[in-house]
Amino acid sequence: MSVLEFDRVSYAYPGADHPVLTDVTLTVEPGELVVVAGASGAGKSTFLRAACGLVPHFHGGTFAGRVTVAGLDTREHGPGALSGVVGVLFQDPESQVVMGTVRAELAFGLENRGHSAAAVARSVEEIALALRIADLLDRSTAELSGGELQRVALGAALVGRPALIVLDEPTSQLDPVAGDELLGLLRRCNEDFDTAILLCEHRLERCLAAADRVIAFAAGAVACDSSPEGFLRWAGVAAPTLQTPGARLLAGLGQAPAAGVKRARRRLRDAGQLPEGPDSPGPARTVASRRRRSRSPAALELHGVWHELRSGPVILRDVSLRIVPGERVALMGRNGAGKSTLLRHAAGLLKPTRGRVTTAGRVGLLLQNPNDYLVHDRVADEAPAVALAQAGLDPVSFAERHPRDLSGGERQRLALAVVLGDEADAAAALCLDEPTRGMDRGDKAALARLLAGLPGSVVVATHDPEFAAGFADRVILLADGAVIADGPVGEVLAGGIYFATETARILGGWKSILTPEEALATLARPRAGIPVQVPTP
């Protein structure tokens with residue numbers, strides 16, 4: 001029996017003019033790991049909501065067709081009844097965590113289904129070890145970072161070993177190591193328990209190599225249902241923005257697409273097109289960059305900043321850094337490394353235990369949830385027209401719209417406009433915490449262009465090396481609350497395993513190239529014998 005069946009399903013939200021899903025028919029078998037792809041607004045999240053019964057029971061609207069999950073018809077069984085066979089993790093883990101401690105959160109679902117105390121304790125311990133959150137079990141959920149909270153919410157979805165797991169952007173707040181560990185855990189669930197998995201992701205380069213199948217949506221309908229390589233061939237023709245960086249590199253070199261770094265390297269090596277050896281820029285480039293920063297006045301500067309919690313953990317350890325006017329900085333590091341805490345110190349929301357923070361003016365801060373910034377009923381009341389235009393929202397066409405009716409990307413831009421504020425009070429530095437969560441590749445590119453045009457300095461905390469490569473000229477890497485690397489983006493993100501772009505991993509750090517466009521231009525030069533302009537990523 002199939003784990004999930006959609007039979008001619010169409011759905012429209014209440015008051016909507018057009019359906020979000022149109023005549024969707026498909027099945028998912030036990031043990032399949034299915035990646036759900038598509039641009040923002042294509043219907044992916046609604047498809048996942050229908051798979052777990054939230055559509056139509058929670059959202060209402062007009063529903064046609066039939067969805068069956070592990071033999072249960074979602075028209076007859078609501079989300080509560082389905083929770084025993086389908087685990088769910090959506091984009092906002094903050095809204096899913098309800099208990100005061102991590103241990104209580106993981107145990108909550110099992111206890112409500114009547115499991116014995118011993119079985120609950122064993123299951124909680126196993127999932128905590130698998131997700132590497134055992135050290136968080138007795139921590140308050142209110143003290144967790146965004147990435148830690150996402151892993152806890154994921155653990156709550158997995159702990160009961162459901163027949164189907166539905167995940168919407170589960171790696172959006174996870175560092176590269178935790179993201180890889182998550183995919184490994186999902187694959188083990190496939191192999192050991194025949195668990196079927198629906199995984200919706202915009203960063204397809206992270207998950208295609210682990211997938212059995214890819215379902216791509218466009219305008220609410222299934223546009224492609226194929227293997228990962230078949231999907232990449234389709235995307236190269238029908239949806240270029242869904243291509244992974246590795247697929248764009250291979251296509252530019254005349255090769256068929258491959259899912260994952262290992263397969264891409266093998267394809268290039270067999271064709272004799274894989275360059276040999278890294279060619280790092282060396283220490284001189286870093287020294288020159290630091291000399292320029294030391295001579296320029298600082299827009300933002302941290303001097304020996306420490307942040308220690310009363311409960312004991314040290315979040316920041318003697319952090320000293322200078323951000324000069326106009327710099328574009330990517331702040332990276334694993335979950336819990338101190339990135340969000342550093343940004344809060346920069347904006348004055350937190351005071352250092354030791355050390356000091358100095359600024360050349362106002363520091364704007366955009367936290368992870370844009371909804372926290374939206375308090376009015378009209379877009380025009382949220383931010384000045386100048387700030388709306390600067391954030392990429394037309395002040396005229398958006399003025400009368402309700403902020404909650406905007407798409408995720410539009411709400412992100414509106415929150416950015418709120419932070420930018422009035423032109424007379426321009427920020428000396430702008431700090432953004434994981435601003436690309438839930439954005440497709442096109443939205444990320446648009447955000448990178450927007451940030452590049454802002455007058456002040458910009459610091460972005462991100463786990464996305466592809467976004468960092470397209471936006472930043474400098475990367476600061478944190479670990480255990482301390483700065484362990486600080487240098488040009490090509491120096492820090494080339495040649496690595498986790499903190500590296502897919503192109504850099506395929507090329508092994510060769511010439512510190514980070515994007516397919518840079519690689520193709522550089523690889524073309526020896527053959528063409530003429531200078532080639534490197535295109536803007």
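Summary table below
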read-out: Where chymotrypsin sites (Phe, Trp or Tyr not before Pro) fall in DSSP loop in the stretch 50-125, at most 13 other Cβ within 10 Å; value: Phe58
read-out: Structure-derived P(r) over Cα pairs in 20 Å bins from 0, in percent - corresponding label in (1) 19, 47, 31, 3; (2) 16, 38, 29, 12, 4, 1, 0; (3) 21, 54, 24, 1; value: (3)
read-out: Ile165 long-range amide H proximity, modeled H, under 5 Å; value: Gly87, Ala196, Ile197, Leu198
read-out: Cα-based Lys pair tally, the chain, threshold under 28 Å, eight or more apart or on separate chains; value: 6
read-out: Rounded to the nearest 20 debye, dipole of the stretch 471-525 from Cβ charges on Lys, Arg, Asp, Glu; value: 200
read-out: The stretch 138-213, Cα convex hull volume normalised per residue, Å³; value: 98
read-out: Paramagnetic label zone (point 7 Å from Cα along Cα-to-C-beta, Arg132; backbone N under 20 Å) in the stretch 436-461; value: none
read-out: Theoretical gain in end-to-end length, Glu400 to Val375 [0.36 nm per residue, Cα-Cα removed]; value: 7.6 nm
read-out: Charged-residue dipole, Cβ positions (Lys, Arg, Asp, Glu), the stretch 331-395 about Cα centre, Debye nearest 20; value: 700
read-out: Exposed-loop-free span, longest in the chain, where GluC sites (Glu not before Pro) count as exposed if DSSP calls them loop and at most 13 other C-beta atoms lie within 10 Å; value: 77-275
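Only the coordinates and a few stated rules stand behind these numbers; no lab work does. All of these numbers come straight from a predicted model, not from anything done at the bench. Counting neighbours? That spans all protein chains shown, and the Cβs are built from the backbone with ideal geometry, glycine included.
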